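A.B. asks: Here it is, the structure in full.
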Ligand SMILES: Cc1ncc(COP(=O)(O)O)c(C=O)c1O
């Protein structure tokens, strides 16, 4: 091994093993998935799609990609799947391209309320190629009547649902009804909740949306990458051309093979049980923090938001840095109607997908709430907090053994 790189790989492994990972978009993959990501499939060029490649020697990667597509369709109940997007952002770019002309109007959530950069941020391609208008949250929740009112007023070409920091269940059926009323396409970016949808713990958008995009590396617990699903053959063709040759070149067949393993894992009873525990742990931690007096959102899924400015008089940035000192990873996050800029933010986003994979129990999720609360309100000193964190992380699976 290249010692210069290996040194940091081992340090990163220690960091992952010794920390409590509460970043809501992270997870730990199985050994089988990690080994497939590092397999000889990375050697193969396969521009195009199974049966229609620009290179020879694709007979076996064709089979692998077909299996990945079949499993994705089976898992989410869709007719078509594109498993080639290198990331969730690429998947979103391709979905917009397939459905809209340049400049087309997209109605998405106010970004500070929990949308992703690709949902219209000025620093993302999205706002440069398309016209965005937004719907806000009402008291932290989606307000379907207000979304309908804005849709009728703005007449968008596409309505977008699915978020990065929304802690509640989403009613995709109601979104579809609104989209139909104004003749707009309906798209869902299920990146965060894909694992919950796969296991049946959240409403599936596939029967309602024209296109569903996702990442495969968050609650779905697969390799880092993207996915696009739809039920319409014409849209599926446009999606395929938008991914290759428009936005991407050769597909990452080693990652596609790992996605296929991820889809199979997500069909198992073990995965259902895992997601069930993620939801239990997230709620247990949020409820405990609330009981201790913190200002937290509720939660129906794998994450919740905490207003640290109101609770502890500190910015999200400072709370994130403080928790990092004791080995707890979170990320600062804007809260609805935030008065601080995104670089500081008033909130923290907290999720339990990763630690639940390592074996975190409900009692331990409550214990984590106490550590966070006492450390941020300065009633627990650093050494004691670090010792409590160590006790928890050493009781869990080592990440290289998952
Ligand atoms: C809702 C949503 N969509 C898309 C993405 C982008 O995924 P990627 O980082 O793979 O581009 C994210 C990432 O956090 C996300 O939260």
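A.B. asks: Just to be sure before I move on: is residue 240 surrounded by fewer than 22 Cβ atoms within 10 Å (Cβ to Cβ), within 30 Å of residue 373 (Cα to Cα) and more than 14 Å from the ligand (Cβ to nearest atom) in the structure I sent?
C.D. replies: No.
A.B. asks: With the checklist (1) assigned by TED's automatic domain parsing to the domain that holds residue 95; (2) buried (at least 18 other Cβ atoms within 10 Å of the Cβ) in hand, flag the one item residue 245 doesn't pass.
C.D. replies: (2)
A.B. asks: Residue check: is residue 56 exposed (fewer than 11 other Cβ atoms within 10 Å of the Cβ) and touching a helix residue (DSSP H, G or I) at 6+ places or on another chain (Cβ under 7 Å)?
C.D. replies: So residue 56 does not fit the description; no.
A.B. asks: Could you identify the single residue in 305, 276, 301, 281 that is surrounded by fewer than 16 Cβ atoms within 10 Å (Cβ to Cβ), under 30 Å from residue 334 (Cα atoms) and assigned by TED's automatic domain parsing to the domain that holds residue 359?
C.D. replies: Of 305, 276, 301, 281, the one residue that is surrounded by fewer than 16 Cβ atoms within 10 Å (Cβ to Cβ), under 30 Å from residue 334 (Cα atoms) and assigned by TED's automatic domain parsing to the domain that holds residue 359 is 276.
A.B. asks: Has segment 144-152 got any residue that is modelled with pLDDT of 95 or more, surrounded by 14 or more Cβ atoms within 10 Å (Cβ to Cβ) and within 16 Å of the ligand (Cβ to nearest atom)?
C.D. replies: No.
A.B. asks: Out of everything in segment 168-199 that is within 13 Å of the ligand (Cβ to nearest atom) and assigned to a loop (DSSP other than H, G, I, E, B), what residue ends up being surrounded by the fewest Cβ atoms within 10 Å (Cβ to Cβ)?
C.D. replies: 170
A.B. asks: So residue 4 ticks every box in (1) in a helix (DSSP H, G or I); (2) surrounded by 11 or more Cβ atoms within 10 Å (Cβ to Cβ) but one. Which box is left unticked?
C.D. replies: (2)
A.B. asks: Any idea how many residues of segment 200-219 are touching a strand residue (DSSP E or B) at 6+ places or on another chain (Cβ under 7 Å), surrounded by 24 or more Cβ atoms within 10 Å (Cβ to Cβ) and part of a loop (DSSP other than H, G, I, E, B)?
C.D. replies: 3
A.B. asks: What's the number of the only condition in (1) crowded, with 17+ Cβ neighbours inside 10 Å; (2) modelled with pLDDT under 95 that residue 342 fails to meet?
C.D. replies: Single failed check for residue 342: (1).
A.B. asks: Another one. What tally of residues in segment 136-159 results from selecting those that are assigned to a helix (DSSP H, G or I) and closer than 10 Å to residue 182 by Cα?
C.D. replies: So the answer is 5.
A.B. asks: Within 23 Å of residue 178 (Cα to Cα) and at pLDDT below 95: does that describe residue 99?
C.D. replies: The answer is no for residue 99.
Conditions tested, residue by residue: (1) part of a helix (DSSP H, G or I); (2) over 14 Å from residue 294 (Cβ atoms); (3) touching a strand residue (DSSP E or B) at 6+ places or on another chain (Cβ under 8 Å).
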{"site": "340", "(1), (2), (3)": "no, yes, no"}
{"site": "363", "(1), (2), (3)": "yes, yes, no"}
{"site": "368", "(1), (2), (3)": "yes, no, yes"}
{"site": "374", "(1), (2), (3)": "yes, no, no"}
{"site": "379", "(1), (2), (3)": "no, no, no"}
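A.B. asks: Filter segment 220-237 down to residues that are part of a loop (DSSP other than H, G, I, E, B) and within 16 Å of the ligand (Cβ to nearest atom) and give me whichever is nearest to the chain's Cα centre (by Cα).
C.D. replies: If we take residues in segment 220-237 being part of a loop (DSSP other than H, G, I, E, B) and within 16 Å of the ligand (Cβ to nearest atom), then 220 is nearest to the chain's Cα centre (by Cα).
The values are calculated or read from the model by the stated rules, or taken from the named source; none is laboratory data. Quick caveat, the model's predicted, so the values are computed rather than measured. Backbone-built Cβ (ideal geometry, glycine too); neighbour counts: all protein chains shown.
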